[in-house]
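First up is the structure itself, then whatever we jot down about it.
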Amino acid sequence: MSRFVLSLHTPPSDHDTTQRLVKFAHACLAQGHTIDAIFLYQQGVYHASNHFALPTDELQIPMLWQQLADQKINLMLCVTAAEKRGLDIKHTNVFNVAGLAEFAMLASDADKWIQFK
């Protein structure tokens with residue numbers, strides 16, 4: 001089976017891309033593949049923000065991330081991109097703060113790196 005690293009580059013308002021990533025991750029796991037990490041980069045870091053509230057009739061993005069964390073997937077937040085955008089890197093919910101070097105090492109060790117933009 002293959003080892004994947006995924007990266008998400010779009011903000012939480014882009015529901016289509018978020019849902020594609022989540023569905024892809026679940027499909028990979030269901031087929032016996034491994035996801036070493038999901039890395040939030042560029043506008044994707046806003047998924048780790050504690051400062052947005054979603055109406056109950058909208059896609060509950062924090063719940064989706066929690067489901068992936070429950071699957072023991074390493075959810076990584078780019079520290080530089082988060083700090084540039086004013087995010088609180090001390091309170092990141094299910095996300096682990098990481099640098100590009102960590103992400104690059106994981107991506108180079110994986111069989112496939114897939115970007116969601």
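Scanning residues 5 or more positions from VAL97 or on other chains, those with amide H under 5 Å from its amide H are LEU77, with H placed 1.01 Å from N in the peptide plane. Put a plus charge on the Cβ of each Lys and Arg, a minus charge on the Cβ of each Asp and Glu, and nothing anywhere else: the dipole of the chain about its Cα centre is then about 140 debye. Think of the chain as having a plus end and a minus end, set by charges on the Cβ of Lys, Arg, Asp and Glu; of VAL97, ALA37, ALA107, ALA107 sits farthest toward the positive end of this dipole. Modelled spin labels at GLN67 and HIS26, positioned 7 Å past Cα toward Cβ, are 0.3 nm from each other.
Against the empirical 2.2 N^0.38 Å scaling, what ratio does the C-alpha Rg of the chain come to?
Values: Rg = 13.4 Å, N = 117, 2.2 N^0.38 = 13.4 Å.
Against the empirical 2.2 N^0.38 Å value, I get 0.99 for the chain.
Values in this text are rule-based calculations from the coordinates and carry no lab data. Remember, predicted model here, so these are calculated numbers, not experimental data. Positions of Cβ are backbone-derived with ideal geometry, glycine not excepted, and every protein chain shown enters the neighbour counts.
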